[in-house]
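A short write-up of the structure that comes next.
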């Protein structure tokens, strides 16, 4: 049979069972490869490795994941779908079309080449984070054993727009989503009409308008990802058509949360187009059963790759045997270069490795922990190789040529040897006067900026290549990126960013360098200082103002533009008790008013900085960065969320609490 009669199905919710892929981990390197990529994202975003959950000593049940960590379950389902497809692909399967059911569309698009495995994991993470803003008890989903027409009439009987016909699975099964109260009414009516009602294990009422509040946030958080042309066609049961290369995939993925899934008509259409074999790339085989319900003919065959009734290694072997018999795959593949890495690691000689260990005890340990340890080793190998690759490429690839501007050789050398320092540790700033000018190229600027970023983030310099994505590859979120751009702008005396500036347009290190270099080329400010002369002078706890004289001075001399800031001379204050929240509020409203050229009166406790005053997150971050340095506050915690400080009063409370903590720490010493 021709491979072009084959469709691969990617399941969504519920496609998981305990010990799935655990015995396949050693045999199929595609499994480890996929989950190493996923772990690289989940360590950063969720603080865990999915491999530990799937391949550790105590694999999780789906019920436990639903109640304790739905985010882990979503990522596990995504990883399983993609890993199975990688195995099929490695054996030569060449399908005509990929089709994802609901959440499974992410895995389908990744498998088709639109996004990398790591980018797909980022999409899943952002989806999870957006959904977590909703109450998980806000509603649920249930399957009804009736057709779409009868389901629609039942919903019309209740007459509430918060109920939705979410999924059409086959001719006699639909799925309904809604609030808890409304779904309970559907259940009662279904019981009266003798319609089977099966509640679905799903943490949210997907494919209903109840998820509308998170659609925009989800779309915004994945919009920076660059999609690639599809290498295999993907048919969407939600859009009821094939994806096109000019589709904005991230926007559609966000809209999927509220749009219905029409799996029934999608399978009917693909069958009419000649598809006869449906291979399920995921766990349980549910979609294959739906296909047989939809197309009840011997002309159609379905293949389940992971059947929970079998050991997963046996199940995959059985699936490959069926596909091999139809000429769709090559079941036995040669291992390039002899034994694979995992086989070599598995078969090492214990006597050579740990001669003093008790063999029985170690074998028990090895049997229990082997797969988990492999994941960590492979992740470390991957990270080290990428660092090595970036270092090698950085030393051999030619840098782009750019027109030059001039700066002193003395400055260039001192800048490299004394990178941008944290304000708290910075000495008094004394600009240097320079006469001996040498050429300052983009290459020099690139080296300076990568040193600055490396020191600020405690990353090795080698990872900052031209092409590296600051967030996708290095995990530098938008808040930290904005802080760094603010410091760079002040450091090089760059002009204020324009009102239409979009951080997402400068998502790689090369783009940041180009942006900075283009402004320097304009000749706005060519002279620079060794350190951040543009920073607001740091204040120690003893510098906190307490007298009316200082408050009046603060009003008459508000927080100045860095370029105009005089040399800081700290005041010694003895009476710190008189510095209250009210005093801090007055100082901060003066600072914000002067920085934004707003009247002070608009900065009340309750005023919303963005909704009422139009101060976007970029400007809010800049102001918080300056305030932090001005009051010598500790670094913001890793879980800091700007959205939690959306009013002037909340900003004041945040600074006030940070100042009190600093005072207590100092007093304890």
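The values are calculated or read from the model by the stated rules, or taken from the named source; none is laboratory data. What you are looking at is a predicted structure, and each value in this text was computed from that prediction instead of being measured. Note that each Cβ is placed from the backbone with ideal geometry, even for glycine, and that neighbours are counted across all protein chains shown.
Points to keep in mind about this one:
- Criterion: touching a strand residue (DSSP E or B) at 6+ places or on another chain (Cβ under 6 Å), at negative phi and not assigned by TED's automatic domain parsing to the domain that holds residue 478 - qualifying residue of 621, 647, 625: 647
- Region 190-230, residues that are touching a helix residue (DSSP H, G or I) at 6+ places or on another chain (Cβ under 6 Å) and more than 22 Å from residue 71 (Cα to Cα): 197, 227
- Elements of the type helices (runs of 4 or more DSSP H) sitting completely within region 186-275 and holding at least 3 residues that are closer than 27 Å to residue 478 by Cβ: these cover 215-222, 249-255.
- Flag if residue 230 is buried (at least 22 other Cβ atoms within 10 Å of the Cβ), at pLDDT 95 or above and within 23 Å of the chain's Cα centre (by Cα): no
- Taken over region 79-112, the criterion of being part of a loop (DSSP other than H, G, I, E, B) and either closer than 21 Å to residue 49 by Cα or in contact with a strand residue (DSSP E or B) (Cβ under 8 Å, 6 or more places away or on another chain) (or both) is satisfied by 93, 94, 95, 96, 101, 102, 103, 112.
- The lone exception for residue 288 - which of (1) at pLDDT 70 or above; (2) surrounded by 14 or more Cβ atoms within 10 Å (Cβ to Cβ); (3) closer than 18 Å to residue 26 by Cβ it fails: (3)
- Residues of region 469-511 that are assigned to a loop (DSSP other than H, G, I, E, B) and under 28 Å from residue 38 (Cα atoms): 470, 471, 472, 473, 474, 475, 476, 477, 506, 507.
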